[in-house]
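Every number here is computed from the coordinates shown, using simple stated rules; none is lab data. As the structure is a prediction and not an experimental result, all values here were calculated from the model.
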Amino acid sequence: MATAARLPTQSKSSRTEARLGLVAGWGRYPVLLAQALQQDGYQVYCVGVWGEADPALGEVCKKFQWMGLGKLGKAIRFFHRHGVCQAMLAGKVHKTHLFQPWAWVRHFPDWRTIRLFIPHLLTRRKDCRDDSILGALVEAFAAEGIQIRPPTDLVPQLLLGPGQLTDRAPTAWQWKDIQFGWKVAKQMGALDIGQTVVVKDQAVLAVEAIEG
């Protein structure tokens, strides 16, 4: 009597490794990231920040759930429920929301969020630089067994490669502006002021600040 060959079963660990969490903010980047991960065989479980994330993520991701800005605990429970051990942060969260009048009342943070941000926003024992807040967020997820990974580790194809992007190359004078602007942008980034600078004739015309 012929017997059917048994198909190899997928281990629990391999199924878990194929699952990735995504905390999505504003912009098109989280959607492109989710699409690229899906094409590479990952199942994306996404929490989208209310008022920031693109609703199209609901069509791209395996599971999608909206999350208020102050609902860190909800995001952690969502990832635990779906067996997610690794996650990524993508997209902008407009920092101005944190400094609006009665922001804490409006966003009604849960207990995890309150514990995390009290030193930054209430007692002022810690600063509110982007690096400080994001670092605290990464540590909070890690404490719950969820490792935050850089998206480019898994989908490096989303990065621009070296080379010319425009129809013509910059002139020698424009190269001087580019080199000057790059130095200024690096210094701004180190001071956590912004990531964009506009220059002309090696003079700064505008810089990005908290409003983006």
Q: Work out how much length D127 to V184 would gain on full extension: take 0.36 nm times their residue separation and subtract the Cα-Cα distance, in nm to one decimal.
A: 18.2 nm
Q. How far, in nm, would the chain grow between L165 and V138 when pulled straight, counting 0.36 nm per residue and subtracting the alpha carbon separation?
A. 6.3 nm
Q. Along each of its three principal axes, how wide is the spread of alpha-carbon positions in the stretch 161-207, in whole angstrom units, largest first?
A. 33, 26, 13
